[in-house]
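J.: After the structure tokens below, expect a handful of questions from me.
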Amino acid sequence: MAEAVMGRKVIRGQKPPSRWAQFKATMGAWGFMGPATVLVLVFFFLPVVILFVISLTDLSSSNFSDPLTFVGLNNYVRLFRDRFFPKILGNTFFYVAVTLSCFNVGMALLLALLTTHINRRAGFFFRLIWLLPRITPSVIYILMWRRISHQPPFGLINQLLAPFGVEPQYWLFEQPWLFVILVNGFVGASFGLILFSSAIEAIPRDLITAAKVDGASTWQSIRDIVLPMIRWPLLFVTTYQTLSLLTSFEYILLLTEGGPGLYTTEVWALTAYKRALKTYFGHNQWGYGAAWGFVLVIIGIAMSIIYLRVFRFNELVQEPKIDVL
Amino acid sequence: MKVELENLTKRWGNVVGADSMNLDVKDAEFVAFLGPSGCGKTTTLLMVAGIYKPTAGFIRFDGQVVNHVAPKDRNIGMVFQSYALYPHMNVFQNISYPLKLKKIPKDEMQKRAQRVADMMGIGHLMDRRPAQLSGGQQQRVALGRALVKEPQLLLFDEPLSNLDARLRLSMRSEIKRLQMGLGITSVYVTHDQVEAMTMADRVAVMKDGKLQAYSTPDELYDRPRTLFIAGFVGNPPMNFLEMEVVRENGDYHARREGFDVVIPSDRGEKAAGKGNVILGIRPEDITISDEGTPAEVFIVESLGRDDLINMHIGEASIHVLADPVLGLKMGQNVRLDFNTHKVQFFDPTTEKSLLWA
Ligand SMILES: Nc1ncnc2c1ncn2[C@@H]1O[C@H](COP(=O)(O)OP(=O)(O)OP(=O)(O)O)[C@@H](O)[C@H]1O
Ligand SMILES: [Mg+2]
């Protein structure tokens, strides 16, 4: 029996696969990849194309019943000439960089390390608490933050700090960025927290024991063993969260609407939304908004490529565990 | 370094990992912890390493209590069943990691790691990752990493369990040779009694978290103090037969239905007149001969060099080692000669030896 099987293998190895076999293999691959490919095409690629087409027109709520007029790259020229373009771009990078490093990765990693180094049950409970902001409806969550940072005589912070002689103030107005970042960070941290802590818990106990016996302090064992071994989730969360922060705006919209004042906390995605779908006089500039949206897509794709290069994702991808014929 | 355990206990709620262990390891001694799965060998070892905090009792290194000394300050080397090599580091980085933590200068680190690697025969594999090594090579790296900082105590937790039988044999003698050469005090956890008996100066037999016996391999084998040790040590295991020992005309007879053997008086007198006792005899101390106790062959198992034969004597069943040349067959009637100088006697209620109490 064993010989027969081996014999077949040898024959297979010698003869190049027939055209029919090759065809079958190709079709098999497409069969498996097909549904996902269709989804990406229909729900990402196609909308991006439509977005681009719209961005080349002057489509708006005042002319949508007329035939489309193409205006070339006018919308893009207008965008880059916008007085607040540098401000919004700077805001966006500041918002993404600070939220990402302090919360979505930094805080998540810190909490993951903490909750995996204490009593198991306490750690689990702690992680559960950190999930609460994520499962709270956005409007309620933001309402809560607005109450916390409200102007005097209201505001939880004012009430709490009053006994210490701190002057009551409208915290959200005084420190809008602080709250924008806190609000997003508290939600964002839980994603990394879950991924990091499961990755840390998957590290074999013996490795940590070995490191301790080898002479490592807790900090050294984290630096030399734990962090290198969770490199993959770290890079994944960084990349994924960068992209989702770039495109997220709903909390900022609900919290500050990009203010206070002119464009203080306005980020790119929020501008795109406002231009396209929400202008004060009910004048929705779909074409112009689409141009903002399309530039954001380009920024996102550029960031992905940079991450792929810098982090060398190819090297992180392991060889397939199953050999396919 | 000398190691002493005093009433060492580890509990997690109701679960008992180790229960009042008392034991000492002399300087440069090689001690094996032997016992069935779940008896607390790893727990005890990890307390010695400082990974687990004892619930009660003391651990002393050279007379100093080290209960609260962190693992990194205990100067020990440890080898694991899983090898526990750092997967993201190559062989050199793995071996030199303990030195790096000690802030040893680079060139000396290089030299020492290379020396240890050469000693282990893996000097040419320095820039491979653990995943690119065979199990045996990985085990050598693990051993090298444990040795490189010249520890005062080596701890082994079933280091050879994942290796094939031949490699296990050669690694066994290699570890023993290394340990003797370097003179490092060692504690070696295993559930393989051949490993324990061949490598260790003294063997600590454990069961349910308790120390059952602690003595040299020969003594464990020839003078077992409890029924558990008699049955646990030795392969194939000792036969046990319930019987009565009586004195008749100056001779001591061990008797049961279909069985009557004269026992030398030094052993017989300790079992005589005690009612029912348990007689223990090893399969290799029973031979098939022309005269003696009649028995019937029941099952013949070939072990290669010997046949292990299950025989019936009346109601009782015993195992005997026999020469395959005899060609014994099921149902055949034979006679057995017992080497009565090797018999053991145990009290059936206390399970203690009547000979070596
Ligand atoms: N961290 C722990 N929490 C609770 N119980 C534990 C823990 N570690 C071990 N035990 C229990 O303590 C007992 C002894 O375990 P230990 O690992 O020391 O056994 P062992 O002798 O090393 O067994 P094996 O030969 O299978 O490795 C077992 O009953 C085990 O379930
Ligand atoms: Mg164990």
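The values are calculated or read from the model by the stated rules, or taken from the named source; none is laboratory data. The structure presented is a predicted model; accordingly, all values stated were derived computationally and were not measured. Glycine also receives a Cβ, built like all others from the backbone with ideal geometry; neighbour counts cover every protein chain displayed. Remember, those area values only see protein heavy atoms, side chains included, never the ligands or the DNA or RNA. Shrake-Rupley method; radii C 1.70, N 1.55, O 1.52, S 1.80 Å.
J.: Given the -39500 (n - 2.57) contribution per DSSP H run of 4+ residues, what per-residue ellipticity at 222 nm results for chain A, rounded to the nearest 500 deg cm²/dmol?
T.: That comes out to -21000 deg cm²/dmol.
J.: Identify the GluC sites (Glu not before Pro) of region B:231-289 meeting these criteria: DSSP loop state and at most 12 other C-beta atoms within 10 Å of the C-beta.
T.: Qualifying residues, ordered by number: B:Glu257.
J.: For B:Asn67, which sequence-distant residues (separation of 5 or more, or a different chain) have an amide H within less than 5 Å of its own amide H, given hydrogens modelled in the peptide plane?
T.: Distant-sequence amide H within range of B:Asn67: B:Ile59.
J.: Still on this model: Can you pull the semi-axes for region B:108-203, root of five times each eigenvalue of the Cα gyration tensor, sorted largest first, whole Å?
T.: Working from the Cα gyration tensor, I get semi-axes of 23, 17, 10 Å.
J.: Counting each pair of different Cα atoms once, what's the Kirkwood radius of region A:24-105 in Å, rounded to one decimal?
T.: 17.0 Å
J.: I've got another one for you. Over all directions, the average projected area of the alpha-carbon convex hull for region B:24-133 comes to how many nm²?
T.: Value for region B:24-133: 9.1 nm².
J.: Next up: For region B:77-112 and region B:287-357, compute the distance between their C-alpha centroids and round to whole Å.
T.: 52 Å
J.: Same structure, new question: So if the hydrodynamic radius of region A:84-224 is defined as the Kirkwood radius over C-alpha pairs, what does Stokes-Einstein give as its diffusion coefficient at 10 °C and 1.306 mPa s, in µm² per second?
T.: In µm²/s, the coefficient is 90.
J.: Let me ask something else about it. With Kirkwood's inverse mean 1/r over C-alpha pairs for Rh, give me the Rg to Rh ratio of region A:74-311, two decimals please.
T.: Using Cα coordinates only, the ratio equals 1.05.
J.: So for B:Glu296, B:Glu174, what's the accessible-area order with a 1.4 Å probe, most first?
T.: So the residues, ranked largest to smallest area, are B:Glu296, B:Glu174.
J.: Counting C-alpha atoms alone, how compact is region A:203-291: give Rg to one decimal and Dmax as a whole number, in angstrom.
T.: 22.8, 70
J.: Would you mind getting me the FRET efficiency between A:Leu128 and B:Asp337? Use the beta-carbon distance for r and R0 = 60 Å, nearest 0.05.
T.: After rounding to 0.05, the efficiency reads 0.25.
J.: Could I ask something else about it? With springs connecting C-alpha atoms under 10 Å apart, model chain B as a Gaussian network and identify which of B:Ile95, B:Ile76, B:Ile309 has the largest mean-square fluctuation.
T.: B:Ile309
J.: I need the semi-axes of the equivalent ellipsoid of region B:252-337: take the C-alpha gyration tensor, multiply each eigenvalue by 5, square-root it, list largest first in whole angstrom.
T.: 26, 13, 11
J.: Then there's this: Based on the Cα atoms of region B:200-295, what semi-axes does the equivalent ellipsoid have, where each is the square root of 5 times one gyration tensor eigenvalue, given in whole Å with the largest first?
T.: 28, 16, 12
J.: So for the pair B:Glu244, A:Trp30, with labels modelled 7 Å out along Cα→Cβ, what separation do we get in nm?
T.: So the label points at B:Glu244 and A:Trp30 sit 9.1 nm apart.
J.: Here's a follow-up. Over region B:3-232, what is the percentage of antiparallel beta bridges among all DSSP beta bridges, to the nearest 5?
T.: Of all bridge pairs located within region B:3-232, approximately 50 percent are antiparallel.
J.: Let me see the P(r) profile for chain B: every Cα-Cα distance counted, bins of 10 Å, each bin given as a percent of all pairs.
T.: 5, 21, 25, 21, 15, 9, 4, 1, 0
J.: In a GNM of chain B with a 10 Å cut-off on Cα contacts, which of B:Gly136, B:Gly77, B:Gly144 has the highest mean-square fluctuation?
T.: Taking springs between Cα atoms under 10 Å, the residue moving most is B:Gly136.
J.: Less than 13 Å Cβ to Cβ from B:His253, Lys/Arg counted +1 and Asp/Glu -1: what total charge do the surrounding residues give?
T.: That sum, taken over residues with Cβ under 13 Å, equals -1.
J.: Name all residues of region B:45-85 having a backbone nitrogen under 18 Å from the label point set 7 Å from the Cα of A:Trp232 along its Cα→Cβ direction, giving them as ranges.
T.: What the label zone holds, given the 18 Å backbone N cut-off, is B:85.
J.: Among the aspartates and glutamates, select those whose C-alpha is under 13 Å from the C-alpha of B:Lys207, and discard any that sit fewer than 8 residues away in the same chain.
T.: B:Asp19
J.: Measure of size requested: the Rg and Dmax of region B:309-357, with Cα atoms as the atom set and Å as the unit; please supply both.
T.: According to the Cα coordinates of region B:309-357, Rg and Dmax are 14.6, 41 Å.
J.: Please identify, among B:Gln139, B:Gln212, B:Gln64, the residue showing maximal mean-square fluctuation in a Gaussian network model of chain B using a 10 angstrom Cα cutoff.
T.: B:Gln64
J.: In square angstrom and rounded to 100, what buried accessible area do you get between chains A and B, total over both, with the probe at 1.4 Å?
T.: Heavy-atom accessible area buried at this interface is about 1600 Å².
J.: Scaled to the compact-protein estimate 2.2 N^0.38 Å, what is the alpha-carbon radius of gyration of the protein assembly as shown, rounded to two decimal places?
T.: Normalised Cα radius of gyration, the protein assembly as shown: 1.44.
J.: Quick one: Cα centre-to-centre distance for region B:7-74 and region A:111-146, in angstrom?
T.: 38 Å
J.: Within chain A, how many lysine pairs that are 8 or more places apart, or on different chains, have C-alpha atoms less than 27 Å apart?
T.: Taking the Cα cut-off of 27 Å, the pair count is 7.
J.: Go through region A:135-146 residue by residue and turn each phi into a ³J(HN,Hα) via Karplus (6.51, -1.76, 1.60, θ = phi - 60°); whole Hz please, and just put x for glycine and proline.
T.: 8, 7, x, 3, 5, 5, 4, 6, 4, 4, 5, 5
J.: OK, next. Could you work out [θ]222 nm for chain B from helices alone, using -39500 (n - 2.57) per DSSP H run of at least four and dividing by all its residues? Round to the nearest 500 deg cm²/dmol.
T.: -7500 deg cm²/dmol
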